[in-house]
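A.B. asks: Following this message is one structure expressed as structure tokens.
The values are calculated or read from the model by the stated rules, or taken from the named source; none is laboratory data. The structure displayed is predicted, hence computed values, not measured ones. Virtual Cβ from ideal backbone geometry, glycine too; neighbours counted across all protein chains shown.
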Amino acid sequence: MAATCIVALVARYIWGLGSVTFEPGNFFAYLTIQSNIMFAVIAIVSGINGVRGRIASPRLDALRAAVLTCTITAGVVFAVIVQQSSIRAIRVDVPWSDVVLHYILPAAALIEWALSRRQRRSPWRVLPVVLGYTCGWGAVTMIRGAITGWYPYYFLDPDQTRDLSEFLLFSGAALAVFAAVGALVVGVSAISAARQRSGPLRAG
């Protein structure tokens, strides 16, 4: 998954170079890109642990939960953006690299997460960490957007939203999705941990 993520990220960057409006700074400002870079790093570390037959430490498992939450949510939000953009007659091109990063990789990662060996479920503090990161990213994005005039997502752009209430509605909905996905990820880890604990009992 780490290799797939890296290949897709590089392909997406190269694809973007074909646009006259492409800016490397804007590319790395996307929440999707940031979360997938973190995902690749964590997947490499987790893969090394797996090859060595080690169970991930609680700290690494919590970090994986946070990154996985961001990765899955980015895919959900991206799907909504594509759907809304078509309604608003805003063109959004979706290359194969975006399909991998937003849909295929998050689905595969969630399945792997459910099958992973772990000592205990991920802590609920993953949720405030994810929401804190998202809010911090949003604050920086709005400040940067006011300076550069560029926003990564249409619902953050004052010129593409009707008023403040629409901005707050979409932003609040995005945060709610982050919280719901985070709860799902933690819940899946709890089921996985319970399955691991009950395994030796059934075998006996």
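A.B. asks: Would a scan of region 183-197 turn up a residue that is over 21 Å from Ala56 (Cβ atoms) and buried (at least 17 other Cβ atoms within 10 Å of the Cβ)? Quick ask: steps written out before the conclusion?
C.D. replies: First, the residues of region 183-197 that are over 21 Å from Ala56 (Cβ atoms): none.
The answer is no; no qualifying residue exists.
A.B. asks: Still on this structure: What are the residues in region 10-66 that are touching a Leu at 6+ places or on another chain (Cβ under 8 Å) and over 19 Å from Ser116 (Cα atoms), if any? Show your work before the answer.
C.D. replies: Applying the first criterion (touching a Leu at 6+ places or on another chain (Cβ under 8 Å)) to region 10-66 yields 12, 32-33, 36-37, 39-40, 42, 45-46, 49.
Answer for region 10-66, where residues must be touching a Leu at 6+ places or on another chain (Cβ under 8 Å) and over 19 Å from Ser116 (Cα atoms): Arg12, Thr32, Ile33, Asn36, Ile37.
A.B. asks: Need at least 3 residues that are at pLDDT below 90 per element, so show me which helices (runs of 4 or more DSSP H) inside region 11-98 make the cut, counting only ones lying wholly within it. Don't jump to the end; show me each part of the working.
C.D. replies: Working: elements: 24-27, 31-51, 58-87.
Here the list reads 31-51, 58-87.
A.B. asks: Sticking with this structure for a sec: Of the residues Val140, Val130, which is hydrophobic (A, V, I, L, M, F, W, C), loosely packed, with under 14 Cβ neighbours inside 10 Å and under 18 Å from the mean Cα position of the chain (by Cα)? Give the derivation first.
C.D. replies: Numbers: Val130 fails: loosely packed, with under 14 Cβ neighbours inside 10 Å.
The conditions single out Val140.
A.B. asks: Related question: Among Thr148, Thr69, which is among the hydroxyl-bearing types (Ser, Thr, Tyr) and within 18 Å of Ala40 (Cβ to Cβ)?
C.D. replies: Thr69
A.B. asks: Within region 3-20, does at least one residue satisfy the condition of being within 19 Å of Leu131 (Cβ to Cβ), of a type in the set (Ser, Thr, Tyr) and touching a residue at least 60 places away in the same chain (Cβ under 8 Å)?
C.D. replies: Of the residues in region 3-20, the ones within 19 Å of Leu131 (Cβ to Cβ) are none.
Looking through region 3-20, none of the residues is within 19 Å of Leu131 (Cβ to Cβ), of a type in the set (Ser, Thr, Tyr) and touching a residue at least 60 places away in the same chain (Cβ under 8 Å).
A.B. asks: Could you say whether any residue in region 107-117 is part of a loop (DSSP other than H, G, I, E, B) and surrounded by 12 or more Cβ atoms within 10 Å (Cβ to Cβ)? Please lay out each step first, then the result.
C.D. replies: Looking only at region 107-117, we keep the residues that are part of a loop (DSSP other than H, G, I, E, B), and these are 116-117.
Narrowing the set further to residues that are surrounded by 12 or more Cβ atoms within 10 Å (Cβ to Cβ) leaves 116-117.
Yes, because at least one residue in region 107-117 is part of a loop (DSSP other than H, G, I, E, B) and surrounded by 12 or more Cβ atoms within 10 Å (Cβ to Cβ).
A.B. asks: Got a sec? Which of Ala79, Ala40, Ala74, Ala56 is of a type outside the set (Phe, Trp, Tyr) and touching a residue at least 60 places away in the same chain (Cβ under 8 Å)?
C.D. replies: On the way: Ala79 fails: touching a residue at least 60 places away in the same chain (Cβ under 8 Å); Ala40 fails: touching a residue at least 60 places away in the same chain (Cβ under 8 Å); Ala74 fails: touching a residue at least 60 places away in the same chain (Cβ under 8 Å).
It is Ala56.
A.B. asks: While we're here: Inside region 165-176, can you point out the residues that are crowded, with 17+ Cβ neighbours inside 10 Å and in contact (Cβ under 8 Å) with a residue 40 or more places away in the chain?
C.D. replies: Residues of region 165-176 that are crowded, with 17+ Cβ neighbours inside 10 Å, as a first pass: 167, 170-171, 174.
Scanning region 165-176 gives a single hit, Ala174.
A.B. asks: Would you be able to tell me the number of residues in region 143-164 that are crowded, with 16+ Cβ neighbours inside 10 Å, assigned to a helix (DSSP H, G or I) and either out of contact with any Ser or Thr (no Cβ under 8 Å at 6 or more places or on another chain) or at pLDDT 95 or above (or both)?
C.D. replies: Count: 2.
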